Amino acid sequence: MSVNALLRETAARLLAEGTVRLVVGWEKGTLPLRTTPLLARTAEQADRLVADATCDQNLAVYLTRFKDEKVALVARPCEARTLVEYCREHRASPDRVLAIGVPCTGMLSRRALERRLSGRLPAAGRLEGDLVICSGEDWEERLPLTDLLEPVCYGCRLPGADRYWRVLGESRPPAGDRYAELDRFRQMAGEERYAAFCRAVERCIRCYACRQACPMCYCPECFSDRSAPTWVGSSDDLSDTMVFHLTRTLHLAGRCVDCGACVRACPVGVDLRHLHLRLGREAEERFAYRPGLDAADRPLVATFRPDDPEEFIR
Amino acid sequence: MSEAWEPKIVAFLCHWCSYAGADLAGISRMQYPPNVRVIRVPCSGAVNPFYLIKALQRGADGVLVSGCHPGDCHYLAGNLVARRKFAMLKALLEHVGLEEGRVQFSWVSAAEGQKFADVIREVTETVRALGPAGRFRKARRALCR
Amino acid sequence: MRRGEAAVAGVILEHSELNRILAHVAGQARLWVATGEGEEAAFLPYRPGIPLRRGPGPTRRTAKEIFFPRTEALFTFHEADGKPRLEPAKVDDGPLVVFGLRPCDARALCLLDPVFEDPLWPDRLYGGRRARAILVGMACSQPSRACFCTSVGGDPAGEEGLDVILVALDDAYLARATTDRGAEWLEGLGFSPAPPEAEAAAARVAETARRALAAVPADGLKERLDGRFEHPVWDRLHERCLGCAACTYLCPTCHCFDIVDEGGPGEGVRLRNWDSCMFALFTLHASGHNPRMTGKERMRQRIMHKFNYYPERQGRPACVGCGRCVEICPVNLDLRQVIAELEGVEA
């Protein structure tokens, strides 16, 4: 049975049995090679579920919005890591949220595809095995999916299988160095790094798509929305936009599960993943702490070890 | 910048140790550079990293956070939790191009007046050597675009 | 902003001439050009060698930003001799040319005009920039897959709001003035008159573009939404919405703003910043009460404003079918689908 068929059957059964009231998954979207979240409440709706490489939002974001319902979440490693953090932060407990683990071999990158097609917008597209097939009025391209994966997929980490309550297939993420992007950025001198950061932030229009798409940005009121008094100015001032992004990154220190939803959500191509990677690596190297993997620990910056390194303190 | 430039340093001092250390330095008539603007906080653990970013944005050339030595925290472990937050903050700011030395941290107890004076002198000299801070700074907005 | 009728025959503009002409124009007016591709496509001030945009559909960022920027200083204030002093922002009404905007973006400006140029409260900053602006459009020869301009009264070769329209032919552009101002501007550049077959070729380009556009059932939407404020359709429509402002900030007709003061002791500046009805903060009262508590009320506001309230006042929807919101929504919550769902709404 295909993953989609298995998924639909599982979801339909969970809904019919009354085990859950809502299944959060994806369905085919309105644009070629895109999916959209599906909030299925009936077995009939659940029949539209899909899980493949075009699913590129982190669905866990909806769990904090439907917090009074018993929910099944279609989960790839991105969602699974988020669930680990949700358990740690008491946002979701196994008696309310049930995960349906679907296999993932990496997400199709819309940006990589657009670059590969050099501006041609496919009018139709589909996945066929390991091929991405897209076409316009008078052209067709058959491209290997493995050349068009999201950067976050390389070296993707899977939490222990105990996090998946129903596993429909095994994930095989592409091997690679998660920190390659970070290393590239760090090769630059401080001045160049600042200039690169400025160039990225200058493009930001403060639409907060990154924050809203982020499953770990679930604060009822974001610091950047504080208006009495104002914490961060809301104008196009570059420093204010920096303050927003830096503070958001810090709030995600040891919490970011590196799903890349923020980067994919950005409508103007601001990519600040390397900021989160920087803190992710700091958490791992300095505190042996890996967000999204070990739920037993207390949150990174809510605790300490007496022997935490402090070479930077006078 | 004119020759008259002096580094402006914001120091967040914990009420129980470092602020008392500063007091001791003062009572003992120890000399240290007058470049710090002290903000007394209940605990170094109460210093939101946002305050440091904001201080740099609004014109500080350097920022210092000083608290109790590990084990001495009035709230038992505020400084130890703070230690993690500041490691992250420093890593992030320097990652995006803040010069090393603009944000600094120290443990100064109520008995360490001399250490307080030394820390302030060292921090001031480091920041002076770096020159006026330009990065992350909010510019005054002119009327015309 | 009505302009005089003009019936001017088209002229031919060779591709190779374009850069020389733009450099010439930039010497006489502030010139903005459509540049960049994909998510980087935007209007930027002209500089020699700037790559002109070629891609399909509209630019990612809109031409409204030229007239209604994301942030604008309205006035500064300071204290002098113990009294408050205000210094208003200067109206910038110098010559301005926008090159390469799509007909949908020009039409969107015509929808913004009644908002900012209301006779009772005209906005002098917006009005100043609009007053002498010459909009040189580029007809859409290849709409984006998300475009639906013809369903909301637009056209890939529409002239509304444009002073000059260019149509890309195989080896040249056919340029036609659509206003007196455009005619005067075009005349000053001196081109050869277009042969009759160029007009026919341009008509074919427009027809091909029209055929490529999907139809969205937006006819009669205003009436269907009348009295549907409490309809249960709103309960589910917003569920996938993340509550970001990507759609509103990249919409060429969304025009909500917030007024804030920034400054320090003794001085400051009053700013007008873009704001979005999709944010909780948008309607948050000082008391802490928020009349639009959830995503439901916020999404309803966005749809109602575009397809009911605005048409109530101006007689047509505040949507030009540029498809940007469709293309950029992080969760592919497609406005075309929302419109289709609202079509089925019954009392």
- Task: Calculate the dipole size of chain B relative to its Cα centre from +1 charges on Lys and Arg beta carbons and -1 charges on Asp and Glu beta carbons; express the result in debye to the nearest 20.
- Result: 820 debye
- Between the helical axis of B:78-95 and the dominant principal axis of chain B, each derived from Cα atoms, what acute angle in degrees is found, rounded to the nearest 10? 20 degrees
- Item | Rg over Rh, two decimals, the protein assembly as shown (C-alpha only, Kirkwood Rh) | 0.99
- Message: Taking the alpha-carbon distance from residue B:138 and a cut-off under 16 Å, which aspartates and glutamates remain once sequence neighbours fewer than 8 residues away in the same chain are dropped?
- Response: A:202, A:236, A:237, A:240, B:61, C:261, C:262, C:267
- Task: Could you give log10 I(q)/I(0) at q = 0.19 Å⁻¹ for the range B:9-130, computed by the Debye formula over C-alpha point scatterers of equal weight, without solvent?
- Result: -0.99
- Item | Which of B:74, B:18, B:53, positive extreme of dipole for the range B:11-93 (C-beta unit charges) | B:53
- Query: If you put +1 on each Lys and Arg Cβ and -1 on each Asp and Glu Cβ, how big is the dipole of the protein assembly as shown around its Cα centre, in Debye rounded to 20?
  - Reply: 1260 debye
- Message: If amide hydrogens are placed 1.01 Å from N in the peptide plane, which non-local residues have theirs closer than 5 Å to the one on residue A:132?
- Response: A:143, A:145
- Which of the pairs A:28/A:67; A:67/C:222; A:67/B:54 have their Cα atoms more than 32 Å apart in this structure? A:67/C:222; A:67/B:54
- Heavy-atom accessible area per residue - chain B, 1.4 Å, Å²: 42 Å²
- Counting only protein heavy atoms and rolling a 1.4 Å probe, how much accessible area do B and C lose on contact, total for both sides, in Å² to 100? 900 Å²
- Query: Using θ = phi - 60° and the Karplus form 6.51 cos²θ - 1.76 cosθ + 1.60, what ³J(HN,Hα) does each residue of the range A:169-184 get, whole Hz, x for Gly and Pro?
  - Reply: x, 8, 7, 10, x, x, 6, x, 9, 4, 9, 4, 4, 5, 4, 4
- Query: Rounded if a/c is under 1.5, else prolate if a/b beats b/c, else oblate: with a ≥ b ≥ c from the C-alpha gyration tensor eigenvalues square-rooted, which is chain A?
  - Reply: oblate
- If you take the square roots of the eigenvalues of the alpha-carbon gyration tensor of the range A:140-292 and sort them as a ≥ b ≥ c, do you get rounded (a/c under 1.5), prolate (a/b over b/c) or oblate? prolate
- Provide A:65, A:111, C:300 ordered by accessible surface of protein heavy atoms (probe 1.4 Å), highest first. A:65, A:111, C:300
- What shape does chain C have by the C-alpha gyration tensor, where a ≥ b ≥ c are the square roots of the eigenvalues, rounded means a/c under 1.5, and otherwise prolate means a/b greater than b/c and oblate the rest? oblate
- Item | Selection from B:126, A:263, C:279 lying farthest towards where the dipole of the protein assembly as shown points positive, charges on Cβ | B:126
- By the mean-Cβ-within-10 Å protection proxy, highest first, B:128-135, A:203-210 rank as A:203-210, B:128-135
- Magnitude of the Cβ-charge dipole of the range C:200-347, K/R +1 and D/E -1, about the Cα centre, nearest 20 debye? 400 debye
- Message: Binning at 10 angstrom from zero up to the longest distance, how are the C-alpha pair distances of the range A:1-81 distributed in percent?
- Response: 20, 53, 26, 1
- In a Gaussian network model of chain C with springs linking alpha carbons closer than 10 Å, the residue among C:92, C:113, C:81 that fluctuates most is C:81
- Item | Summed buried accessible area for A+C [probe radius 1.4 Å, Å², rounded to 100] | 3300 Å²
- Rg(Cα) of the range C:3-95 divided by 2.2 N^0.38 Å? 1.55
- Query: Over the range B:9-130, what relative contact order in percent results from Cα pairs under 8 Å that are six or more residues apart?
  - Reply: 39 percent
- Hz values of 3J(HN,Hα) by residue in the range C:274-289 - Karplus curve (6.51, -1.76, 1.60), Gly and Pro given as x: 4, 9, 9, 5, 7, 8, 5, 5, 4, 10, 5, 7, 4, 6, x, 6
- Message: Restricting to Cα pairs below 8 Å that are 6+ residues apart, what does the relative contact order work out to for chain A? Please round to a whole percent.
- Response: 17 percent
- Query: Going toward the positive end of the dipole of the protein assembly as shown, with +1 on Lys and Arg Cβ and -1 on Asp and Glu Cβ, which of C:264, C:332, A:148 do you reach last?
  - Reply: C:264
- Dividing the convex hull volume of the Cα atoms of the range C:221-343 by its residue count, what figure in Å³ per residue is obtained? 134 Å³
- Query: So what's Rg/Rh here for the range C:161-306, counting alpha carbon atoms and using the Kirkwood radius for Rh?
  - Reply: 1.15
- Query: Can you give the accessible area per residue of the range A:65-213, in Å², using a 1.4 Å probe?
  - Reply: 47 Å²
- Mind checking A:205-216 for the average number of partner chain beta-carbons within 10 Å of each residue's beta-carbon? 6
- Given a 1.4 Å probe and every protein chain left where it sits, what share in percent of the accessible area of chain C is carbon and sulfur? 52 percent
- Before anything else, pin down the relative contact order of chain C: Cα pairs under 8 Å, at least 6 apart, normalised by residue count, whole percent. 21 percent
- Item | Degrees separating the helix B:113-130 axis from the principal Cα axis of chain B, which is the longest one | 20 degrees
- On average, how many beta carbons from a partner chain sit within 10 Å of the beta carbon of a residue in C:58-71? 2
- Over the range B:9-130, with every protein chain in place, what whole percent of the accessible area is carbon and sulfur at 1.4 Å, could you tell me? 55 percent
- Query: Ignoring any ligand, DNA or RNA, what whole percent of the accessible area of chain A comes from carbon and sulfur when the probe is 1.4 angstrom?
  - Reply: 49 percent
- Query: Using the Cβ atoms and a cut-off under 15 Å, what net charge is assigned to the surroundings of residue A:196, where Lys and Arg are +1 and Asp and Glu are -1?
  - Reply: +1
- Message: From the helices alone, meaning DSSP H stretches of at least four residues, give me the mean residue ellipticity at 222 nm for the protein assembly as shown, per-run term -39500 (n - 2.57), in deg cm²/dmol to the nearest 500.
- Response: -9000 deg cm²/dmol
- Query: How crowded by other chains is B:95-103, given as the mean number of beta carbons from other chains within 10 Å of each beta carbon?
  - Reply: 6
- Counting DSSP beta bridges with both ends in chain C, the antiparallel % (nearest 5): 75 percent
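The values are calculated or read from the model by the stated rules, or taken from the named source; none is laboratory data. Note that the coordinates shown come from a computational prediction; the quantities given were computed from them, not determined experimentally. Every residue, glycine as well, gets a Cβ built from its backbone with ideal geometry; the counts of neighbours run over all protein chains shown. Each accessible area value is taken on the protein alone, full model and side chains, heavy atoms only, with ligands, DNA and RNA left out. Shrake-Rupley method; radii C 1.70, N 1.55, O 1.52, S 1.80 Å.
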